[in-house]
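First comes the structure, then the notes that go with it.
The values are calculated or read from the model by the stated rules, or taken from the named source; none is laboratory data. Note that the coordinates shown come from a computational prediction; the quantities given were computed from them, not determined experimentally. Methodologically, a virtual Cβ is constructed for each residue, glycine included, from the backbone with ideal geometry; neighbour enumeration extends over all protein chains shown.
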Amino acid sequence: MKNLIAITLKETKGYFSTPSAYIVGTMFLVLTGVFFVFDVSKPFAEAGVRGLSDWASFFIVFLAPLITMKLLAEEQKLGTLELLLTSPVREWEIVLGKYLASFLMLLSIQSVTLYYVFIVYFFGNPDTGPVISAYIGLVLHGAAALAIGMLGSSLSGNQIISAVVATAILLIFSFINRVSSLVEGNVAEFINALSMNSRLADFSRGIIDLSHIVYFLSIVGVFLFLSIRSLETRRWR
Amino acid sequence: MIEAIDITKYYGDFPAVTGLSFSVEQGEILGFLGPNGAGKSTTMKILTGFIPPSSGTAKIAGFDITEQSLQARRHIGYLPETVPLYEDMNVRDYLSFMGQIRGMAKPQLHQRINEVIELCRLGEYRDTIIGKLSKGYRQRVGISQAILHEPDVLVLDEPTIGIDPIQVVETRQLIKDLGRDHTLILSSHILPEVSMICDRIIIIHEGQIVAVDDPGNLGTNLAGVERVEIEVKGPNREILPVLERVDGVQSIERMSVTGGAYHRYHVTVDIGKDLRHDLAKIIVEGGWELLKLQSLGMSLEEIFLRLTIEEEELPNNSGAVS
Ligand SMILES: Nc1ncnc2c1ncn2[C@@H]1O[C@H](COP(=O)(O)OP(=O)(O)O)[C@@H](O)[C@H]1O
Ligand SMILES: [Mg+2]
């Protein structure tokens, strides 16, 4: 546990002391903001954060791998993984510690979008329920995306490759529901169940479904488990 | 304190290390000497638990490196050959992190960091970003993290490679000092370096131990053997006794030959003696037909030629901060 906290703190400090995290975060906020403003300035726009959370979810697919890409890839490239793995530290402490740091980073970026919510409340009178559910969906989606990013980062010593692999997996999970119309019956249902987008749509409509929560947490669990295994098998390669 | 038991490591089909067994007593400084590609780093990575052996095992402070990996790792301080460091941390934060993951408590850690910085003479650079340090100072940071948690066993893989001569001298002195209260294993391809620092030397070549000796005896009184392969046409009953009588021959093994009217022998000879001339002569004098005469593998002398024997060959790379 102490190891985990030490690793989380080190990585969190790392995020806040390097410019790249600020650049990536700012890009995310600007893009999300621009598209959101574009949406709400359409005629008959509703006062709400639906557009905001939809866009934020869309850009997380690209943001999360950029946040996680260095976490394990850099250790492999610099060779510092050799010192980490020969210290009395378990693989899960390394993966979980780094994951928590990336989650804190994402939360702090996402919390800045509350500024847009504040604007919506200032100029309109939105339903508070959907605002809250949308943010729950956003955080869960982010958590899942970061776990997928961790796996990408564990697979290669090259950060670009890590990010590309993670983004590809995330895009598949996001848009696989488009494929479901091509097939029928149980297969279509299964594909729909795998898709993130159909579940995110519920959250932004104000629906908090327990199965959706379980779904996102399962993705976190599965991909962190795979990252740990990937790190363990590094030794054997 | 360190016990390697029949360690073998394959990278794919390639045997980097085969059947390595040795032990290091508490407080001893063991030199692991061998030319590039001998299998030194592979052995260090196995001892420290970074990669598992293909077969065999090792014990560190009594703990098995595969079955009690975590306990074994608690007793090790390790400096890998490449000196991997987090480039964007400063020296103090880095040492603080390394201490924490070795389970050191905060107040004690703080004091120990100051001690180590003092010992490795990093004082002026304690707040410098590691990426800005020169190779010699990075090496010192690397050694600092290895000794920080006061491990029983120190494993240093080529600790003087790539740093300038003045720093090499200082680093060797530092290692020698460290050897006073650590069990230390040090790898190197530089003969004078290990003779100077170590209590005992193991020479490794192509993944096998070829000699074990005290530094004083090295090169004069080496244990070990080398082998010559001979193929001869003639009656085995006559050839064998003649070969056995050649001065310097220890033993002869007759190898099986498939479908050939000749015999193949592996002759084990005293180390450092080149008997090829004597063997050839006696075969020809016997009136037999000599088909092949070849030294098997590299002789210890040849291995020595591939070691760095002269200090001047050290690469130069000076400057404290680049
Ligand atoms: N990861 C690896 N994959 C394949 N071969 C390797 C690997 N690491 C080392 N080798 C090979 O194993 C042999 C021993 O390497 P190494 O232990 O690094 O030797 P040394 O440290 O004595 O120079 C060399 O021939 C090297 O090419
Ligand atoms: Mg090496």
- Message: Just to verify a result, which residue in the range B:73-93, among those that are at the interface with another protein chain (Cβ under 9 Å from one of its Cβ atoms) and in a helix (DSSP H, G or I), is nearest to the chain's Cα centre (by Cα)?
- Response: B:ARG73
- Limited to the range B:43-63, what total is found for residues that are hydroxyl-bearing (Ser, Thr, Tyr) and surrounded by fewer than 24 Cβ atoms within 10 Å (Cβ to Cβ)? 3
- In the range B:8-44, anything in a loop (DSSP other than H, G, I, E, B), under 16 Å from the mean Cα position of the chain (by Cα) and either away from ligand 2 (no atom under 15 Å from the Cβ) or within 14 Å of chain A (Cβ to nearest Cβ) (or both) is listed as B:GLU28
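Can you say whether B:VAL194 is farther than 30 Å from B:GLU118 by Cα and modelled with pLDDT of 85 or more, as far as the supplied structure shows? Let's see the steps before the verdict.
Working: farther than 30 Å from B:GLU118 by Cα: no; modelled with pLDDT of 85 or more: yes.
No: the conditions fail for B:VAL194.
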- Hey, does the range A:139-153 have a residue that's more than 14 Å from chain B (Cβ to nearest Cβ), touching a residue at least 60 places away in the same chain (Cβ under 8 Å) and more than 21 Å from the chain's Cα centre (by Cα)? no
- Message: Looking for something in contact with a strand residue (DSSP E or B) (Cβ under 7 Å, 6 or more places away or on another chain), surrounded by 17 or more Cβ atoms within 10 Å (Cβ to Cβ) and on the phi > 0 side of the Ramachandran plot - is there at least one such residue anywhere in the range B:185-200?
- Response: no
- Note on the structure: Note on B:GLU67: of the conditions (1) more than 14 Å from every other protein chain (Cβ to nearest Cβ); (2) more than 16 Å from ligand 2 (Cβ to nearest atom); (3) in a strand (DSSP E or B), unmet is (3)
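Only one of these is out of contact with any Lys or Arg (no Cβ under 8 Å at 6 or more places or on another chain) and more than 27 Å from A:GLY33 (Cβ to Cβ): A:VAL131, A:VAL164, A:VAL183, A:VAL120. Name it. Full working, then the answer.
Values: A:VAL131 fails: more than 27 Å from A:GLY33 (Cβ to Cβ); A:VAL164 fails: more than 27 Å from A:GLY33 (Cβ to Cβ); A:VAL120 fails: more than 27 Å from A:GLY33 (Cβ to Cβ).
When all the criteria are applied, what remains is A:VAL183.
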- Criterion violated by B:PRO107 - all others in (1) more than 28 Å from B:ALA4 (Cβ to Cβ); (2) assigned to a loop (DSSP other than H, G, I, E, B) satisfied: (2)
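Based on this model, can you work out whether A:ILE60 counts as more than 9 Å from every other protein chain (Cβ to nearest Cβ), touching a Ser or Thr at 6+ places or on another chain (Cβ under 6 Å) and in a helix (DSSP H, G or I)? Reasoning before the result, please.
Numbers: more than 9 Å from every other protein chain (Cβ to nearest Cβ): yes; touching a Ser or Thr at 6+ places or on another chain (Cβ under 6 Å): no; in a helix (DSSP H, G or I): yes.
No, not satisfied.
Just wondering, is there one or more residues in the range A:190-202 that are assigned to a helix (DSSP H, G or I), of a type in the set (D, E, K, R) and closer than 21 Å to A:ILE148 by Cα? Full working, then the answer.
The first filter runs over the range A:190-202 and keeps only residues assigned to a helix (DSSP H, G or I), leaving A:190-194, A:196-202.
Next, from what is left, pick out any that are of a type in the set (D, E, K, R): A:199, A:202.
Keeping just the survivors that are closer than 21 Å to A:ILE148 by Cα gives A:199.
Within the range A:190-202, one or more residues are assigned to a helix (DSSP H, G or I), of a type in the set (D, E, K, R) and closer than 21 Å to A:ILE148 by Cα.
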- Task: Might you let me know whether the range B:126-149 holds any residue that is away from every other protein chain (no Cβ under 14 Å), among the acidic types (Asp, Glu) and away from ligand 1 (no atom under 16 Å from the Cβ)?
- Result: no
- Query: What do you reckon, is B:ASP152 within 30 Å of A:THR80 (Cα to Cα), away from chain A (no Cβ under 14 Å) and more than 16 Å from ligand 2 (Cβ to nearest atom)?
  - Reply: no
- Go through the range B:45-64 and count every residue that is more than 10 Å from chain A (Cβ to nearest Cβ) and either on the phi > 0 side of the Ramachandran plot or hydrophobic (A, V, I, L, M, F, W, C) (or both). 7
- Message: Restricting to the range B:241-266, and then to whatever is surrounded by 11 or more Cβ atoms within 10 Å (Cβ to Cβ) and touching a Lys or Arg at 6+ places or on another chain (Cβ under 7 Å), can you tell me which residue is modelled with the lowest pLDDT?
- Response: B:VAL257
- Tally of residues being closer than 17 Å to B:HIS277 by Cβ and part of a loop (DSSP other than H, G, I, E, B) across the range B:238-262: 3
- Inter-residue pairs, beta-carbon under 8 Å, first at pLDDT below 95 and in the range B:32-53, second within 8 Å of ligand 2 (Cβ to nearest atom) and of a type in the set (D, E, K, R), 6+ apart: B:PHE32/B:LYS40; B:GLY34/B:LYS40
- Is the range B:47-56 home to any residue that is out of contact with any helix residue (DSSP H, G or I) (no Cβ under 7 Å at 6 or more places or on another chain), β-branched (Val, Ile, Thr) and within 14 Å of ligand 2 (Cβ to nearest atom)? yes
- Qualifying residue in the range A:63-70 (condition: within 14 Å of chain B (Cβ to nearest Cβ), of a type outside the set (Gly, Ala, Ser) and touching a helix residue (DSSP H, G or I) at 6+ places or on another chain (Cβ under 9 Å)): yes
- (1) within 22 Å of A:VAL139 (Cα to Cα); (2) in contact with a helix residue (DSSP H, G or I) (Cβ under 7 Å, 6 or more places away or on another chain); (3) surrounded by fewer than 23 Cβ atoms within 10 Å (Cβ to Cβ) all hold for A:LEU81 apart from (1)
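Name the single residue that is farthest from ligand 1 (Cβ to nearest atom) among those in the range B:1-40 being among the polar types (S, T, N, Q) and within 25 Å of B:PRO151 (Cβ to Cβ). Walk me through how you get there before you give the answer.
Just the residues of the range B:1-40 that are among the polar types (S, T, N, Q), to begin with: B:8, B:18, B:21, B:23, B:26, B:36.
Restricting the remaining residues to those that are within 25 Å of B:PRO151 (Cβ to Cβ) gives B:21, B:23, B:26.
Values: B:SER21: 17, B:SER23: 20, B:GLN26: 25 Å.
Filtering the range B:1-40 for residues that are among the polar types (S, T, N, Q) and within 25 Å of B:PRO151 (Cβ to Cβ), the one farthest from ligand 1 (Cβ to nearest atom) comes out as B:GLN26.
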- (1) away from ligand 2 (no atom under 16 Å from the Cβ); (2) touching a helix residue (DSSP H, G or I) at 6+ places or on another chain (Cβ under 8 Å): which one isn't true of B:PRO84, the others all being true? (1)
